1. List, please: which pairs have Cβ atoms under 7 Å, are six or more places apart or on different chains, and start with a residue in the stretch 78-98 that is farther than 25 Å from ALA137 by Cβ and end with one that is assigned to a loop (DSSP other than H, G, I, E, B) and acidic (Asp, Glu)?
2. Taking the criterion of being aliphatic (A, V, I, L, M), over 18 Å from LEU152 (Cα atoms) and touching a strand residue (DSSP E or B) at 6+ places or on another chain (Cβ under 7 Å), would at least one residue in the stretch 265-283 satisfy it?
3. For the list (1) in contact with a Gly (Cβ under 9 Å, 6 or more places away or on another chain); (2) modelled with pLDDT under 90; (3) not aromatic (Phe, Trp, Tyr), I need the number of the one condition that ASN55 fails.
4. Would you say SER229 is of a type outside the set (A, V, I, L, M, F, W, C), within 20 Å of the chain's Cα centre (by Cα) and within 26 Å of LEU152 (Cβ to Cβ)?
5. Out of everything in the stretch 228-259 that is at pLDDT below 95 and assigned to a helix (DSSP H, G or I), what residue ends up being nearest to ASN209 (Cα to Cα)?
6. Do you know which residues across the stretch 202-243 are over 25 Å from ILE187 (Cβ atoms) and of a type in the set (A, V, I, L, M, F, W, C)?
7. Of the residues MET261, MET214, which single one is buried (at least 21 other Cβ atoms within 10 Å of the Cβ), free of Cβ contacts under 8 Å to residues at least 60 places away in the same chain and within 15 Å of the chain's Cα centre (by Cα)?
Amino acid sequence: MSVITPHSTRGQATPEASQPRAIGTGVVRVRADDKGRTRLMTLHQAGSLKMVFPNTHRRHMNAVLINTAGGITGGDRFDIRAQADAGASLTLTTQASEKAYRAQIGEIAQLTTTLTIENDARLNWLPQEMILFNHCALHRRLMINMTQSARLLMVEPLIFGRTAMGERLTDCIFRDRITVTRDRRPIYLDGMDLSGDAAARLARPAIANGAGAMASLLFVAPEASAKLSQIRAMLPITAGASMIAEDILVMRLLAADGYEMRRSLIPVLDYLSQSTLPLSWRL
C-alpha cells in the first residue's frame with residue numbers, strides 16, 4: 001500500500017536542526033534446549049531501548065520492548081534485532097503504544113527492526129499501535145528473514161493522529177517499509193508514504209475513506225489456509241483477508257479509531273497466536 005501526499009518541508013535540513021537525540025539498541029537471540037524449551041542465548045540493550053522478559057510458558061519466551069525516552073521524535077535512532085534459532089519460540093511486543101512526536105524541521109527519526117527465524121522456529125512480532133502525531137517525521141523499516149520451515153505472525157497497527165483531541169495529520173512525514181523473505185526470496189513487500197497533508201488523502205474513499213487507524217497482518221504457517229474462513233468471519237466490512245500463497249495469509253484492517261481497531265484485531269491475534277497474546281495488549 002502506498003499513499004503519497006503533497007510535499008512537506010519538514011524533512012529539509014535547516015541550521016536550527018538540533019542534536020543529539022535519543023539512541024536505542026536492542027538485540028535478543030533465543031534457542032531451544034534439548035527438552036524443547038526456549039532459552040535466552042544473547043541479550044544486548046543500550047541507550048533508550050530496554051527489554052524485559054515476563055514469566056512465560058516454558059516452551060515459549062516473551063520479550064517486551066520499552067522505549068525509555070517515552071516516544072520517538074525527529075533525529076532519534078532505534079535499532080531492534082531478534083533471532084529465533086531452530087525450534088525456538090519467541091514473541092516480541094511493546095509495553096504500550098509507541099508515539100511519533102512532533103519533529104523539528106530537518107530532523108527525521110529512524111526505526112529499524114530486523115528479525116531472523118530459523119528452521120522450525122516460531123516468531124510473533126506484535127508491537128502495539130504506532131500513533132502518528134501531527135508534524136511527526138519518521139522513517140520505519142521492518143525486515144524479516146525466515147527459512148522454509150519457520151513460522152511467523154506479524155502485525156503493524158497504526159493510528160493517524162490523536163483523534164480524541166481532534167488532531168488531523170495536516171503536515172507529517174511517515175515512510176514505512178516491510179520486507180519478508182523466505183530462504184532469501186521475497187514473499188511479502190509492503191510500503192507506505194505519507195507526506196504533507198496526509199489527512200486529506202486518507203479521507204478519499206479509494207484510499208482510507210477517512211479511517212483513523214489501520215493494521216496490517218501477515219501469518220505464515222502450514223495451517224494458514226485452514227484459518228482463512230474463520231478470520232474472514234471475524235472481520236468488519238472495512239477489513240479483508242486473503243491468501244497470497246498456500247501458507248501465507250495477509251489481512252488489512254481499517255477502523256474509525258484505535259479503539260475500534262483493537263476491538264476487531266485482538267480476537268484475530270488471539271486466534272492466530274493460540275491465545276498466547278501478551279498481557280500488555282489487554283491492558
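The values are calculated or read from the model by the stated rules, or taken from the named source; none is laboratory data. Since we're looking at a predicted model, the values are computed, not measured. No Cβ is skipped: glycine too gets one built from the backbone with ideal geometry, and neighbour counts run over all protein chains shown.
1. Filtered contacts from the stretch 78-98: ALA84/GLU118; ASP85/GLU118; ALA86/GLU118; ALA86/ASP120; GLY87/ASP120.
2. No.
3. If we test ASN55 against (1) in contact with a Gly (Cβ under 9 Å, 6 or more places away or on another chain); (2) modelled with pLDDT under 90; (3) not aromatic (Phe, Trp, Tyr), just (1) comes out false.
4. Criteria not met by SER229.
5. Of everything passing the filter in the stretch 228-259, GLY258 is nearest to ASN209 (Cα to Cα).
6. Scanning the stretch 202-243 gives LEU202, ALA203, ALA206, ILE207, ALA208, ALA211, ALA213, ALA233, ILE237.
7. Every option except MET214 fails the conditions.
This table checks each residue for (1) out of contact with any His (no Cβ under 8 Å at 6 or more places or on another chain); (2) touching a residue at least 24 places away in the same chain (Cβ under 8 Å); (3) closer than 30 Å to GLY75 by Cα; (4) not polar (S, T, N, Q).
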position: PRO157; (1), (2), (3), (4): yes, yes, yes, yes
position: GLY161; (1), (2), (3), (4): yes, yes, yes, yes
position: ALA164; (1), (2), (3), (4): yes, yes, yes, yes
position: THR179; (1), (2), (3), (4): yes, yes, yes, no
position: LEU189; (1), (2), (3), (4): yes, no, yes, yes
position: LEU202; (1), (2), (3), (4): yes, yes, yes, yes
position: PRO236; (1), (2), (3), (4): yes, yes, no, yes
position: ILE248; (1), (2), (3), (4): yes, yes, no, yes
